[in-house]
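Have a look at the structure below, then the notes.
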Amino acid sequence: MDSIIARFAIAALLFHVIAPAAAVEQSCRFIQAKAEREACYKRQEDELAAKRKPVAPANDSQALGTLRQMRQDDDAVYRSINNICRGC
């Protein structure tokens, strides 16, 4: 019983993921004018590139400062752990 439900859930999930992408692609296919069809494909390509483009951090200098502070804190912890007697 559970395997049937799981299979149905996976099939429904795949349908919802694949169907919208296929619908967008098909809308350009049926445009008769070549220039309009190519413009449609170009828009789709730009939209996909925008979705795949990673978001850059807002402030790189702040992230770098935070990373330096974390490394300094880690070094301090490692130095304090090094002085602990292990097996006295």
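Any read-out appearing in this document is the output of simple, stated calculations on the displayed coordinates, not a laboratory observation. Keep in mind that this is a model prediction, so the values were computed, not measured. Every residue, glycine among them, receives a Cβ derived from its backbone with ideal geometry; neighbour counts consider all protein chains shown.
Things to note:
- The residues neighbouring ALA35, those whose beta-carbon lies less than 14 Å from its own, together hold a net charge of +2 under the Lys/Arg +1, Asp/Glu -1 convention.
- Residues LYS42, LYS34, arranged from fewest to most other Cβ atoms within 10 angstrom of their Cβ, appear as LYS34, LYS42.
- Exposure proxy ranking for TYR41, TYR78, based on other Cβ atoms within 10 angstrom of each Cβ and starting from the fewest, stands as TYR78, TYR41.
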